[in-house]
Amino acid sequence: MTTEELTSNVLLALEEIRPFLNSDGGDITLVSIEDDKHVKVRLEGACTSCSVNQMTLKAGVETTIKKFAPQIETVVNIA
């Protein structure tokens with residue numbers, strides 16, 4: 001998978017997640033993809049102060065991104 005395809009797939013994954021985050025007053029933005037393995041995102045809106053945002057990041061965001069781009073190893077939130 002090329003870097004462009006990888007970026008496109010990660011963005012597709014974020015589009016799949018976005019409605020769920022939006023329904024709780026939050027959002028997510030792709031910050032970067034490093035070494036085609038490590039994704040940095042920024043949780044926004046209500047997600048920044050949500051007490052379960054780390055669970056959302058791991059269970060929701062990371063799982064969905066890995067479904068679209070299996071070579072991704074880590075997903076981290078950049079505040």
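A few remarks follow.
- Net dipole in debye of the chain [+1 Lys, Arg Cβ; -1 Asp, Glu Cβ; about Cα centre; nearest 20]: 220
- Per-residue Karplus couplings for the range 61-72, computed as 6.51 cos²θ - 1.76 cosθ + 1.60 with θ equal to phi - 60°, are listed in order as 5, 4, 4, 5, 4, 5, 5, 7, 9, x, 6, 5 Hz, Gly and Pro entered as x.
- Multiplying each eigenvalue of the alpha-carbon gyration tensor of the chain by 5 and taking the square root yields semi-axes of 21, 12, 10 Å, largest first, rounded to whole angstroms.
- Mean separation of Cα contacts under 8 Å (6+ apart) over length of the chain, as relative contact order %: 35
- Where the chain is the region considered: accessible area per residue in Å², 1.4 Å probe: 57
- Share of carbon and sulfur in the accessible heavy-atom surface of the chain [1.4 Å probe, %]: 56
The values are calculated or read from the model by the stated rules, or taken from the named source; none is laboratory data. Here the structure is a predicted model, which means the values were calculated and not measured. Neighbour counts are summed over all protein chains in view; Cβ atoms, including those assigned to glycine, are modelled from backbone coordinates with ideal geometry. Remember, those area values only see protein heavy atoms, side chains included, never the ligands or the DNA or RNA. Shrake-Rupley method; radii C 1.70, N 1.55, O 1.52, S 1.80 Å.
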